[in-house]
1. Being more than 19 Å from ARG225 (Cβ to Cβ) and among the polar types (S, T, N, Q) is the filter; apply it to the range 251-277 and report the residue that is surrounded by the most Cβ atoms within 10 Å (Cβ to Cβ).
2. Strands (runs of 3 or more DSSP E) wholly in the range 73-173 with at least 2 residues that are within 30 Å of ASN260 (Cβ to Cβ) - which ones?
3. State which residue is nearest to LEU431 (Cα to Cα) when the search covers only the range 452-482 and only residues that are within 13 Å of the ligand (Cβ to nearest atom) and among the hydrophobic types (A, V, I, L, M, F, W, C).
4. State the number of residues belonging to the range 124-149 that are touching a Lys or Arg at 6+ places or on another chain (Cβ under 8 Å) and free of Cβ contacts under 8 Å to residues at least 60 places away in the same chain.
5. Could you list all residues from the range 93-123 that are within 15 Å of the ligand (Cβ to nearest atom) and either surrounded by fewer than 16 Cβ atoms within 10 Å (Cβ to Cβ) or without any contact (Cβ under 8 Å) to a residue 12 or more places away in the chain (or both)?
6. Any residue in the range 293-305 that is under 17 Å from PHE396 (Cβ atoms) and near the ligand (Cβ under 10 Å from one of its atoms) sitting within a Cβ distance under 7 Å of a residue that is part of a helix (DSSP H, G or I) and among the hydroxyl-bearing types (Ser, Thr, Tyr)? List the pairs, counting only those 6 or more apart or interchain.
7. If I filter the range 434-450 down to residues being part of a loop (DSSP other than H, G, I, E, B) and surrounded by fewer than 20 Cβ atoms within 10 Å (Cβ to Cβ), which single residue comes out as farthest from the ligand (Cβ to nearest atom)?
8. Kindly establish whether LEU309 is assigned to a strand (DSSP E or B) and touching a residue at least 60 places away in the same chain (Cβ under 8 Å).
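The values are calculated or read from the model by the stated rules, or taken from the named source; none is laboratory data. Computed from a predicted structure; not experimentally measured. In this analysis, Cβ positions are derived from the backbone assuming ideal geometry, glycine residues included, and neighbour counts consider all displayed protein chains.
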Amino acid sequence: MKNSSKDKAPYLKTKHYLLNGRLETWHGPQSKVHSYIVLDEEDQPTEIGEIPDMDSEIALKALDAAVNAFGRGQGDWPTMKVKERIACVETFVKHMRKHRKEVVELLMWEIGKNQEAAAKEFDRTVDYIIDTIEAYKKLDRKSAKFEKESSIHAHIRRGPLGIVLCLGPYNYPLNETFCLLIPALIMGNTAVFKPAKLGVLLITPLIEAFQKAFPPGVVNILFGRGRNIAAPIMSSGRIDVLALIGHSSSAVALQDLHPNKNRLRLVLGLEANNPAIILPDADLEHTIKECISGTLSYNGQRCTALKVLYVHENIVDEFLEKFSNAVDALKYGLPWEEGSFLTPLPEKGKSNYIKELLDDAVGKGAKIINDRGGELSPNFCFPAVLYPADSTMRVFNEEQFGPIIPVVPFKDINEPLNDMAQSEYGQQVSLFGRDVSKIGPLIDILANLVCRVNLNSSCQRGPDVYPFTGRKNSAVSTLSVFDALRSFSIRTFVASKDNDYNNKILKELLNSEHSNFVNTEYLL
Ligand code: G3H
């Protein structure tokens, strides 16, 4: 879809990057950034800016900066008082808020997210950071004490792990990246961060906020390709945590480069193919509403999206008719147009890939059920409801990250359960029905196949205080406001045998300001 030339595209050319606390200027090659929102006089992707295409030499300098700031645990940042690190994050969020308008506009142009969702991504990220600060204070308050067991006093806290390489995804380039980066930093780690391939310009207004808020070397921000930046950093063996939201193939390739895998901690949010199971007694009107948002919010480009609908054969005809009508009624438009639910797809060649998947499924016996299903343009494919789908089809096994909705009829509940048990993924499921004698035992099984069973509700990550994780190829570690603080830290403590000599020293330590670790201050 084209937009009118009166919809003025942004243009942002940046040569800046953040290294060791300085905003440096890159003098090497630049990469063009394109939006797949097409201006009508051009008929080509719209050029909306340029970013540095940095090389491995600079990547290793950024790594050096992060390594020096951590100082093998002896640096100022990892040994600082908790309240001082919190103050840095508060400064960051204060500066970040000033850039809401630019970031939201870039989210729309760079990744085609509709205005409401783009604004929500920004606001949710700010809330996440504020909640992280509160969660860290709570954690710190719980640690602000001594315990005694078997005549040993212990003062137990969580300490940082070291150097973090942080890589985010294109579909939530702000939110998911910052949900890794901020907890990593606040816990005392240092980081090198490279934005995703798409959704990169929107990070540039925030670089200065990072520079103002954090001491030199604590966070270093580079631009460029993964093979030039992430690969040499991993090969150096100096990364302690790989924090990545993306595909397992990238995560595995990066891990393989690390010479000391045994000491590499992984915090990974990976692909999924979440199913919905619709039982014969489900409230169809409600189920359809949830399945529309579950399958098609942001055109299905969410790792939590519903990617296959198992519908009981007794209700499948009625479901298909109502669901297809609901899909065909969805409004496609430009991200800033009122009520646009479906929007242009930001990845080059994505509609060709979607077409390949549709052709494969149709060749294997499925039909596109809805009237508008599969209408194609270079930057969009209208959502297609495929029926009957089965496990021989590519769309069933690949994380399509797009607007295809395969519907699989079932007679026996073991059919979807067995498929899920066989699947390489295990993030979430949606279960629709109302008879508790059926739902109860199903929940008992589903809870072992995935990590969140959504009852009569679509799959989703939020609210961010709930654990977000997955089994099998879907994740490593758990993320939530609280869990992320744990994922980026390790328990470490001071222990001392209970005797007069030690107790006197401990008391003196506590009454002094000599240790940032040993203190029982209650953070307000
Ligand atoms: O792409 C994965 C996102 O974390 C999904 O988040 O369920 O809130 O859209 P969401």
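1. Kept after step one, since they are more than 19 Å from ARG225 (Cβ to Cβ), are these residues of the range 251-277: 259-277.
When the remaining residues are screened for being among the polar types (S, T, N, Q), the result is 260, 262, 273-274.
Details: ASN260: 10, ASN262: 5, ASN273: 25, ASN274: 30.
My answer is ASN274.
2. Numbers: elements: 147-149, 152-160, 163-167.
Output list reads 152-160, 163-167.
3. Per the criteria, the residue is CYS459.
4. 2
5. Filtering the range 93-123 down to residues within 15 Å of the ligand (Cβ to nearest atom) leaves 107, 111-114, 116-123.
Selection gives GLU116, LYS120, ASP123.
6. As it stands, the answer is ALA305/THR295, since those pairs meet every condition given.
7. The first filter runs over the range 434-450 and keeps only residues part of a loop (DSSP other than H, G, I, E, B), leaving 434-435, 450.
Now drop any that are not surrounded by fewer than 20 Cβ atoms within 10 Å (Cβ to Cβ), which leaves 434-435.
Numbers: ARG434: 24, ASP435: 27 Å.
Per the criteria, the residue is ASP435.
8. On the way: assigned to a strand (DSSP E or B): yes; touching a residue at least 60 places away in the same chain (Cβ under 8 Å): yes.
For LEU309, the condition - assigned to a strand (DSSP E or B) and touching a residue at least 60 places away in the same chain (Cβ under 8 Å) - is met.
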